[in-house]
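A.B. asks: Quick one: the structure is below, questions incoming.
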Amino acid sequence: MKIWRYLSVLLFGLLFTMSSFGGSTVSANEKIVYHVPIEETVEKGLSAFLERALTTAEAADADLVVFEVNTPGGAVDAAGEIAKLLSDSPIKTVAYVNNRALSAGAYISLSADEIYMVPSATMGSAAVIDSTGNAAGKKAQSYWLAAMKTAAEQNGRDPIYAQAMADVDIDLPEYGAEKGKLLTFTAEQAKKAGYSEGTVSGKAELYSILGVEDADIRSIEESFPEKLARFLTNPIVVPILLTIAGIGIVMELFSPGFGIPGSLESPVLSYSSMVTLSPVSPDTNR
């Protein structure tokens, strides 16, 4: 009787061990995918958010990061930082263009390993402009054309199209970009030119094509401090902060003592000078 009891305990223990081992194998084989939004204007705050997102994905040993892109563009320096984050990441990255990837958005998308677009999406129109809305100087233009070319080449794409997105002197009439016009791809044109891996109807089809429909899909959203940082580093907001600082200086000069203008002046100036730094020029955006 005791023998059967011992055998029963041994058998139960063996079955428990086998079931635990099997469960652990399934868990270990499950893919981890992070879904991260790139929305609105590209600025320093967005760069900080995406750095956190990629750090989180790397710490979780993720298999893939999907960036859902919908942006009209933004600051050159911030776009450069984001592109470097994507290029340096050991994790496979995919740009999922859901609406538009214009200007800085095009550059960021080209820095991803793969690009997929919804049927109505557009990508391109990436000329460098200054804070007045005019074309930037030759130095900035040269830098930007080289950056676009490199982004295309690093993932095996023909650089002529990336350069045509930023240079009106490149003539590509077959894609609606005659001389004098910037190239902006439709989803169909991007696929034809080898600038997208495919056109998808939505996230479900994208995940299916990528083979991660059964993966552990994790979304990362911006925290409140990151949203605040994005607002304060927005290329439209920065000049307003500088204007407020200027008014504070004038009021302080003509007001005796130390008042509210003086208390606002120092932090606003310090913050504004920090956020407008750029490797190209202080006010260069795209």
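A.B. asks: Please compute the alpha carbon radius of gyration of the range 26-223, then divide it by the globular-protein estimate 2.2 N^0.38 Å. Two decimals is fine.
C.D. replies: Values: Rg = 16.5 Å, N = 198, 2.2 N^0.38 = 16.4 Å.
Computed over Cα atoms of the range 26-223, the ratio equals 1.00.
A.B. asks: For a quick check of your reading of the filter: which trypsin sites (Lys or Arg not before Pro) in the range 137-204 sit in a DSSP loop and have no more than 12 other Cβ atoms within 10 Å?
C.D. replies: On the way: sites: K138, K139, K149, R157, K179, K181, K191, K192, K203; in loops: R157, K179, K181.
Hits after loop and neighbour filter: K179.
A.B. asks: Let me ask something else about it. For a quick check of your reading of the filter: which chymotrypsin sites (Phe, Trp or Tyr not before Pro) in the range 88-129 sit in a DSSP loop and have no more than 11 other Cβ atoms within 10 Å?
C.D. replies: Details: sites: Y96, Y107, Y116; in loops: none.
Loop-located and lightly packed - none at all.
A.B. asks: Set the Förster distance to 35 Å, then compute FRET efficiency between S201 and D171 from the Cβ-Cβ distance, nearest 0.05.
C.D. replies: On the way: r = 34 Å, r/R0 = 0.96.
Computed FRET efficiency for S201 and D171: 0.55.
A.B. asks: Okay, next question. Report, by chain and number, residues whose modeled amide H sits under 5 Å from the one on R218, excluding near sequence neighbours (fewer than 5 apart, same chain).
C.D. replies: Under 5 Å from the amide H of R218: V33, Y34, H35.
A.B. asks: In Å and whole numbers, how far do the C-alpha atoms of the range 110-192 stretch along each principal axis, longest first?
C.D. replies: Projected onto its principal axes, the Cα set of the range 110-192 covers 34, 25, 22 Å.
A.B. asks: Separate question: Counting Lys +1, Arg +1, Asp -1, Glu -1, what net charge surrounds P173 among other residues with beta carbon under 13 Å of its beta carbon? Write down the numbers at each step before the final one.
C.D. replies: Working: positive: K179, K181; negative: D171, E174, E178.
Charge balance in the 13 Å sphere: -1.
A.B. asks: For V200, list long-range residues whose amide hydrogen, built 1.01 Å from N in the peptide plane, is under 5 Å from its own amide hydrogen.
C.D. replies: So V200 has HN proximity to M117, V118.
A.B. asks: Okay, moving on. Sorting S142, S196 on the 10 Å Cβ count, fewest up front, what's the list? Can you show the working numbers first?
C.D. replies: Numbers: S142 13, S196 24.
Going from least to most buried by this count: S142, S196.
A.B. asks: Could you name the lysines in cross-link range of K92, using Cα to Cα under 22 Å and dropping any fewer than eight places away on the same chain?
C.D. replies: K31, K84, K149, K191, K203
A.B. asks: Among the trypsin sites (Lys or Arg not before Pro) in the range 28-126, which ones are in a DSSP loop with at most 15 other Cβ atoms within 10 Å of the Cβ? Mind listing them?
C.D. replies: Working: sites: K31, K44, R52, K84, K92, R100; in loops: K31.
In loop regions of the range 28-126 (DSSP not H, G, I, E or B), the sparsely surrounded trypsin sites (Lys or Arg not before Pro) are K31.
A.B. asks: Hey, got the Cα dimensions of the range 36-140 along the principal axes, in Å, largest first?
C.D. replies: Cα extents, longest axis first: 44, 29, 20 Å.
Values in this text are rule-based calculations from the coordinates and carry no lab data. Fair warning: this is a prediction, and the values are worked out from it, not measured in the lab. Note that we place each Cβ from the backbone using ideal geometry, even for glycine, and neighbour counts take in every protein chain shown.
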